[in-house]
1. Report the local net charge at residue 139: Lys and Arg +1, Asp and Glu -1, summed over other residues whose C-beta lies under 12 Å from its C-beta.
2. Distance between the C-alpha centers of the stretch 39-58 and the stretch 126-170? Whole Å please.
3. Starting from the Cα of residue 202, step 7 Å along the direction of its Cβ; do the same at residue 114; then give the gap between the two resulting points in nm.
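Derivation of every value follows stated rules applied to the coordinates shown; laboratory data play no part. No experiment lies behind these values; they were computed from the predicted model shown. Every residue, glycine among them, receives a Cβ derived from its backbone with ideal geometry; neighbour counts consider all protein chains shown.
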Amino acid sequence: MPGAAGAGASGGVPWERRREVGFLTSFVETTQQVLFSPGRFFSGMPIGGGLGSPLLYALLVGYLSLVVAAVYALVLLLVTGPGHLPKLGPEFERVLAFGRGYGALVGRLVIGPVAIAVQLFVLAGIFHLALLLVGGARRGFEATLRVMAYAGAAGLWAVVPVCGGVLFSPVHYLVLAGIGFAKAHQIGGGKAVAAVLLPVLLLCCCCLGLGLAFWGSIAALVQRGQ
């Protein structure tokens, strides 16, 4: 069975053989395989052997994406300047100024690794629960987290200005996760797609509900003020 034979081994993932292959070479090869040959990559990915290597890979690609986003934000700050902030009152403007300032950029870079690690485990937990709900969690949580960690390579699309981090990265991330679930858990494409889309649909429903509640509150306040 694909993946089962590799459990506990790391022959299918260059990154997990970086002491033999070399740090940079293994990183580049793994990223290329994940992004452009995900079916073959996740078929050969071991489903066991510890979380250290997948977590380190996720931290690296996540931090690279974060640095790129910070650079773009810095360029935008230098081009527009704080004078272009919307006039919403002095207190709110101070908050916006801090959020777009140099301190915030440095802060994001400092706490970035912790945020990336927490996000990885939270997302892996959510998607593993979705796999359980659709009857697709044939392997343990480690298999799911490994898929999510390596699928994080999609975050490198942040190098594409404007649309890269906002559109390309999340869409490709979900596609890679679906392929990874199918291979790592050895389930059909239908269950893998359902496990990927279920959290997304729930999130959309929550956002829609919050949006409707917000606009309802605004409408009520407007009517009271008339």
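1. +2
2. When both Cα centres are located, 13 Å separates them.
3. Label at residue 202, label at residue 114, 2.7 nm between them.
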